[in-house]
1. Report, in degrees rounded to the nearest 10, the 0 to 90 angle that the Cα long axis of helix C:353-362 makes with the longest principal axis of chain C.
2. What list do you get for C:K244, A:K357 if you sort them by fewest beta carbons within 10 Å?
3. Taking the Cα centre of the stretch C:301-392 as the origin, how large is its charge dipole in debye, to the nearest 20, when only Lys and Arg (+1) and Asp and Glu (-1) carry charge on their Cβ atoms?
4. If amide hydrogens are placed 1.01 Å from N in the peptide plane, which non-local residues have theirs closer than 5 Å to the one on C:G251?
5. Taking the alpha-carbon centroid of each part, what is the distance from the stretch A:275-307 to the stretch C:354-393 in angstrom?
6. Using a 10 Å cut-off around each Cβ, can you sort B:I314, B:I125, B:I274 from fewest to most neighbouring Cβ atoms?
7. What is the calculated FRET efficiency for C:E166 to B:V57, with r their C-beta to C-beta distance and R₀ = 51 Å, to the nearest 0.05?
8. For the stretch C:137-173 and the stretch B:28-103, write down the distance between their C-alpha centroids in whole Å.
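Laboratory data are not the source of any read-out in this text; all were calculated from the coordinates shown. Values in this document were obtained by computation on a predicted structure and should not be read as measured data. Heads up, the Cβs are rebuilt from the backbone with ideal geometry, glycines too, and the neighbour counts pull from every protein chain shown.
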Amino acid sequence: MQNNAKRLLIALLLISLCLTGCAKPRIVDDVHLVQAIGYDYYKENYLLGTITSPVYSQSAGSGIMPPKSDVMSVVVKKGTEVNAELESESEYQLEPGKLLVSLYSNEIAADGLFQYVDLLKRNPDIGIVTNLAITEGSAKEILEGQYASDPLISEYLSNMFKKHATNNFPETNLHTFLYQYAGKGMDPFLPLIKKENEHVKIIGIALFKGDKYIDYVPYSQAFVFNMLYQSFSKGNYAVPLNASQYVSIENISSKVDYQVEPRGKDGRHPIVKISVEENGYVRESASVLKGKHSIPNLQKRLAKELQKNGITLIKNFKNLRTDPLQIGSHVRSFQRHWSEAAWMDYYPHADIRLKVKVKLKHEGITN
Amino acid sequence: MALEIQENRQVSPYVLFFIIYGIQTGIGVINYQRPITNSAGYDAWLSILIMGFIIFVVMWMLTKLLEEHQGDLITIHHHLFGKWIGGFLSFLFSLYFLTMSITVLNTYVLLVQVWMFPQMSYWEIATLLSIVAYAYISGGLRSIAGIAFLSSIYSIPLILALIAPLNYAHFDNLLPLVNHSVPALINAGKQMSLNYEGISILLLVYPFIKKTESRDNRKQWVFYATSMTTVVYLVVYLVTIVYFNPQELDQYLWPTMSLWKIVDLPFMERFEYIGITIWIFVILPNICLTLWGASRIIKRLFSLNQRIIVGCLIIFIVLFGYLLSNQVELDIWNKYQSLLGLGVMLMYLPFLYFYNLVHRKMRKSHAKQR
Amino acid sequence: MKWFSKSQQSMREKQLENIYTMLEGSGDYISKKHQLKKTAIYCSFIRTIVDTDMLQRDILTPLIQQSEGTTLEELRTSLPFEEVILTDDVNTIKEKVLQGHVLIQLEKNSEQGLLLDVKAKNDRQVSPPEVEYNVLGPNESFIESLDVNIYLLRKRLPLPNFKIKEVTVGKLTKTRTAIIYIDGLANEENVNTVMQRVTAIEYDQIIDVSFISQMIEDDHNSAFPQLVDTERPDRVASSLSEGKIAILVDGSPFALMGPTTIVEFFSAFDDYTLNWYIASAFRLIRLMSVAFSVLATPLYVATLTFHYQLIPKNLLATLISSRMGIPFPPLAEAFLMEFTIEVLREAGVRLPTKVGQTIGIVGGIVIGTASVQANLTSNVLLILVAMAALASFTTPNYRMNNTVRLIRFPFLLFAGLWGMYGIACCFAIVVAHLLRLESLGRPYIEPFFPLRIKDLKDAFFRLPFSKQKLRPMLLRPQDPGRVNTQRASKKHDIDD
């Protein structure tokens, strides 16, 4: 008897839950998925926000039609949300849960990205592997463009960034940005992109100081940057042999090791020793690899080149007082009672040494 | 006056492992990283070890007490403080267990609201969860032990998912080692009391564990469980701090959830949603055991029907929990809860142990005098 | 005293009269006088259940031609039957005549008579199993006759301690029920439980063994079957030798076995005829298909309704474009499809085999394609639902198969209302139920909880026979070892 009463009670509870309840559904085809978002300056204190979302067409039985990209833009006052404004013109609810890329024009980035990134960070809907990028010129222009390879700019960019993260380029996404922005002894960096006809091109690595964009490393030096930043396994680099010829080296593995002498010669300032070990092979060559261009000679030449470029890069960073290579953080891990302020004072004239070793395993199937 | 439990209501000794492990890994695991890091920086993993050791000692004391008195919390209180005071203290413990279940229930409801269903009302989530909890509690300790066991199996994917953040690991975050003072480390350890406060359930569960005539291996499982919990906390913490830097970690309210965000499976993105879903199995043993404990004490004290007590308690915690259904209030509640837990765990339980020693001596001398 | 016996006498006579009038009321009751050499006999029987050839050949012919006896006792010795009952008990006479005995009396409708078993043997032949089909292994299945079924078991277990306890249950049907176990192996407690529950059955009709199963199960309200039913004598024999108890019922080609665990419902006999790792792989596939079958559509509904974030970016296009223009929310869509599949299945079962197959194919193809083209469902869901239905059929046990199919509806509802959280809650409730469920007082999800490592050898995996030296601990067998001597395993070095 009591058992029945209990069952009845639970059943009643469940039924009443069913009737009153239900979370607000967000059915995937009844929402407008914002996949890319871009910010430009419109004029003083006004932003031009642009979003794109895919529009799929019905497939019933006849395979998938290529999707179209729906682009909407709106001018908002700085500090207000773009999505909320755009609701007024979208057919369905705008949902940022599948956001793939977020673009910021270089002008916006120069004034600081934090307030924009904070929007992404706080919202649990947004994935942490969302790609961020800085655009040279207008972000809207990139989002509006028609591209041959993929009808959706969001997919195009996200695939491109994903490919680059495994090839030549350090991985960047919302997580790395937040990590580098918040961490002490490090500064964030993001890819810098530009529209070129029917394609979007990565033109370099945008460097930040805090959350402000200051300069960039050109794409040709991305390999060197990556080599100093992390150990990685795939990349390629071209070594000029003379004015007209070059050799292209494919990377098998690159190992970087930071050693810090916490108390340098003067007993106060640390010495940072970076050693890099490159393993690779020759993929393309414009000349026969003999004599002057034999493998051992090539190795030396390459090591010298990489070392030179690396040192130049570090010097630039010092001059810009930005630390994308996280040298400060490396020093911190060797030093007790490290302070960021003291380090930043010392950084521009820090003693940072670089040593590069190169080993070429083979030269392909011909010589 | 040993407390006898019917044999078919008893459970095997190894189950004690899962009960103790289950009650220690609950709602605490998703956000213990932040407070301890605030106190001891990235040396806080040492605090976890220290805390693990302290809990080890407390557990040892509890098993000693239980073995001497051949019963549970109520018997111990009764022996040491007499019927009325002892009974009153036991009743306070019942309330203590009740507060714990409120903490767990509310934290989970908030978690679901923040991460999955912002529009869903407190009532809906809490009622559904309490129906599930009732289904287990009404099966007695055996089914609660079952869910404790199964939950530790179900949570294996959650622990495996922690491999993915290691792709973004910065191992030099750990260096330099031991950059903080011992008081800071201990202070950090204290911040973890919310994680460990369930251990007092041992005082009620112990008589339910089968022991064979030949050997009594109940104790060893308690210690295995404590070690296991320490290892899990340590592993989760290490993964957290190589993935986040301290300044970043300070921003995240639920670091463990944020860790899962990085997991991208080919057939399913955004592992944190799976994480929250599976998390229900991690908190179920907590809610069930604490509610069972609270109702068991009342049953033992007042000889009421436990089924009815559990029903009433569940309705009570769902209603009471509504008062704490937003972040600010819950934070305050959790702060006091954690203080209370600290007091019970590190003051009252050791006090009970030492008082028992004194009491025993007094009894002996008393007996001699006669 | 005299008065008493007299009144009793008259009561008995009245009773007797009643019975004979009752019997004569039915058209197939025959009572006929035969003249023997010295005396006359009355021979009464029910024509339809009696083997009349046998009656003539083995009873009437020898009696008429040879018998010199004048009393029933004398007639009895002259008949070549191993069991001839001489009785004056009215109830025995009634019972036996109704079960196919022939009654031989010296006076018509007197109270004394000889009873001879001449039951017609109209049982069908032992045929290959149809429900639990397997590729390798024996190909016999039980039939409707209890005696033949017991023969099939005894043939496999020629043991002196093979115990059969017969009980009659059912007020009207008087069904013979046999409880079979191996003495000294099966746990006494289990045997007592079964005996107690079977004898306690109070019901007018026990037509099939499933009636018994539903009446002696530990939880009548559970969707999960708690006793295995099988039509394979080989499987029963193997279970008996593990220490299980089997229940057979006259008139039912199925045997019940218990105590059991949930795992057993997912193990097919092929698991034991194949090599152990191949068998383990198939068993894993089966378990995974159950999980798929229960969770696939609910997960689809939950993800598409609430958690679009979970969908991988490359799958978005497929899912969205397939759902484009569909007027229902995913929950309704899924319910519609699941309902359609269940209707098709039910229709296929009810219709005669040949028509059933056609309906299945026609229904599947026509309804499927048409509903996708009419934009009533998305083709992704169609694939999922069809896969889920297919996966549910990998469950070897028909009862469990039904459970698996039906249990997905509550999951579906919870998924549609509360998304993943709902699925988790529903799953938790099912687990709570399973944790409390018992089979003849033994835990239902045994090798998992209570965790018994030794029994896990035949759960997710089936380890080789050489590793299974112990009988399942679940059954608490009196003799736990399958093998008595432990053969020393020799380790060979290379080239030795």
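1. For helix C:353-362, the angle is close to 10 degrees.
2. In increasing order of surrounding Cβ atoms, one gets A:K357, C:K244.
3. On the way: 5 positive and 4 negative charges, 30 e Å.
Dipole magnitude for the stretch C:301-392 comes out near 140 debye.
4. Those lying under 5 Å, H to H, from C:G251 are C:S145, C:L146.
5. Value for the Cα centre distance between the two parts: 63 Å.
6. B:I274, B:I314, B:I125
7. 0.20
8. 59 Å
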